[in-house]
Ligand SMILES: Nc1ncnc2c1ncn2[C@@H]1O[C@H](COP(=O)(O)OP(=O)(O)O)[C@@H](O)[C@H]1O
Ligand SMILES: [Mg+2]
């Protein structure tokens, strides 16, 4: 196959690992900076150019779109999708995963447990919001944050007021979330690829820190994932519509609570911690994904494998409970 990896740099650990895994499986690999592409929108003929050349003959696109270029990156992924080229992940699913509020709404709709979250917009709502999330302390989040940036803790009511008023004043939307104290700052990161758990680790934050992100000095440790946690991670990935995901879960006495579902999970921390070849699993799944799509197309079932269409309709439909995800 000819695989295109959309990544700003070849030197990133995850990009390097995917290149190596794909070459080992005898694929032809191209790496290109998303910002060097320009989609051409024209009636019936969506196309794409890269440094003046038309981009053709690609069998699979693996987007590694950083948060700083989300809107442009998504337009690009959507263009590949519209041209009928398989992408891992699809633009709709990436957009959902980049918005914590939207993701949480979708997850709870499918009966997946999350920390109680309030999307407040005015100081008059704070008192009630605090009551609803059982704080202080409580967590304040910006819906588009990542790597722990944009996740804050308010220890007191006054602290909450000054934090949110500052953020509102700067034009940011915020979420006020139940602080799950029982997890003691730790969380579980689960990599789900093609509907299966590929690797899992527990992350412990650095001393004095409440965020366990490895970018914030957290440390990973491999774990055998309990079935309830595996089911929750798989269900959450499916709800968002991702083929490849890194799911963050808090451990509580009442079971897993999903924090977020990442669409371009970093591979370095999880591979070094668990010694699992996540990049190989990703490439293998890519091969299967392309085969399935081709088969479906031959059978006249259109160019989509179904899951992507299904996730859009599911957002509108009233849905039954997903008992397994409790
Ligand atoms: N509600 C919460 N209760 C306790 N800890 C939390 C909560 N939300 C986030 N955290 C901690 O902060 C980290 C970052 O939060 P997360 O929602 O995953 O945002 P990001 O996209 O920045 O990784 C989590 O991995 C966890 O350690
Ligand atoms: Mg996270």
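Quick rundown of the values:
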item	result
When residues of the stretch 84-102 are limited to those that are surrounded by fewer than 18 Cβ atoms within 10 Å (Cβ to Cβ) and outside any helix (DSSP H, G or I), the one modelled with the highest pLDDT	99
In the stretch 138-159, residue farthest from the chain's Cα centre (by Cα) [restricted to those that are part of a loop (DSSP other than H, G, I, E, B) and either more than 16 Å from ligand 1 (Cβ to nearest atom) or surrounded by fewer than 18 Cβ atoms within 10 Å (Cβ to Cβ) (or both)]	156
Exclusive hit being within 20 Å of residue 282 (Cβ to Cβ), over 17 Å from the mean Cα position of the chain (by Cα) and not assigned by TED's automatic domain parsing to the domain that holds residue 155, set 214, 225	225
Any hit, the stretch 117-131, residues being within 13 Å of ligand 1 (Cβ to nearest atom), part of a strand (DSSP E or B), over 26 Å from residue 215 (Cβ atoms) and at pLDDT 95 or above	yes
From the options 241, 255, residue that is surrounded by 24 or more Cβ atoms within 10 Å (Cβ to Cβ) and either more than 14 Å from ligand 2 (Cβ to nearest atom) or free of Cβ contacts under 8 Å to residues at least 60 places away in the same chain (or both)	241
Residues that are at pLDDT 95 or above and touching a helix residue (DSSP H, G or I) at 6+ places or on another chain (Cβ under 8 Å), drawn from the stretch 8-33	13, 14, 17, 18, 20, 21, 22, 24, 25, 27, 29, 31
Every pair of residues 6+ apart whose Cβ atoms lie under 8 Å, when the first sits in the stretch 34-54 and is modelled with pLDDT of 90 or more while the second is exposed (fewer than 13 other Cβ atoms within 10 Å of the Cβ) and assigned to a loop (DSSP other than H, G, I, E, B)	36/51
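The values are calculated or read from the model by the stated rules, or taken from the named source; none is laboratory data. Keep in mind it's a predicted model, so treat the numbers as computed, not measured. Cβ atoms come from the backbone with ideal geometry, glycine included; neighbour counts cover every protein chain shown.
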